[in-house]
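Report on one structure; see the data block that follows.
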Amino acid sequence: SALATLLATAGGWTTLLVLASAHAVSRSVIPAFMSHVPSARHDGLSASVGHIDIRTSAIALGIGGLTLLALNGICATLVVLLLLAGIFVFLRWLALRQIGGQTGDVLGALQQCGEIAVLTTAATLLT
């Protein structure tokens, strides 16, 4: 796994920093997704949050991006941002096509894909 590879080759502290950035950046994409994809249902948890404005989305993305940059460096940050953009576009297309918008499960899938992207990139570039 990516985590085992990181631990074996990069060490404990580097792995800890990568995990922290993976958690932060994977969650920072959620508000942007919610602001660009309508809710599929009107009664779910995701719908109960309401609409996220662009400013809030930008702040969340900025925090995630800065965390990623500070803890992983510029090369890994650029690769992860490209991967996240691709994941964002694909999941948006899929959610709109399949169920007409986003739900909490779609947001969870986005978060998990984002975390996998960070960990895989770090395991590839930092080892």
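The values are calculated or read from the model by the stated rules, or taken from the named source; none is laboratory data. Source: prediction; values computed, not measured. Positions of Cβ are backbone-derived with ideal geometry, glycine not excepted, and every protein chain shown enters the neighbour counts. All accessible areas refer to the heavy atoms of the entire protein, side chains included, with ligands and DNA or RNA removed. Shrake-Rupley method; radii C 1.70, N 1.55, O 1.52, S 1.80 Å.
Among 48-54, 67-73, the peptide with the highest mean count of other Cβ atoms within 10 Å heads the list, and the full ranking is 67-73, 48-54.
Under 5 Å between amide hydrogens, built in the peptide plane, is the criterion, and for LEU126 it picks out nothing among residues at least 5 positions away or on other chains. In this calculation the C-beta distance from THR124 to ILE54 is compared with R0 = 35 Å, giving a FRET efficiency of 0.60.
Here the peptides 112-121, 57-66, 21-30 are ranked by packing, the mean other Cβ count within 10 Å, and the order with the highest first is 21-30, 112-121, 57-66. For the stretch 1-96, the solvent-accessible area of protein heavy atoms averages 57 Å² per residue (probe radius 1.4 Å; ligands and nucleic acids excluded).
With the highest mean first, a sort of the peptides 35-43, 101-109 on other beta-carbon atoms found within 10 angstrom per residue produces 101-109, 35-43. Can you pull the percent of the chain's accessible area that's carbon plus sulfur, 1.4 Å probe, other chains left in place? C and S atoms contribute 70 percent here. The amide H of GLN102, built 1.01 Å from its N in the peptide plane, has SER39, ALA40 as neighbours under 5 Å, considering only residues 5 or more places off or on other chains.
These residues, TRP93, TRP13, go from largest to smallest accessible area, 1.4 Å probe, as TRP13, TRP93. Calculated mean residue ellipticity, 222 nm, the chain: -28000 deg cm²/dmol, from DSSP H runs (n ≥ 4) at -39500 (n - 2.57) each, averaged per residue and rounded to 500.
Legend: P(r) of the chain from all alpha carbon pair distances, 10 Å bins from 0, whole percents, reading 14, 43, 28, 13, 2.
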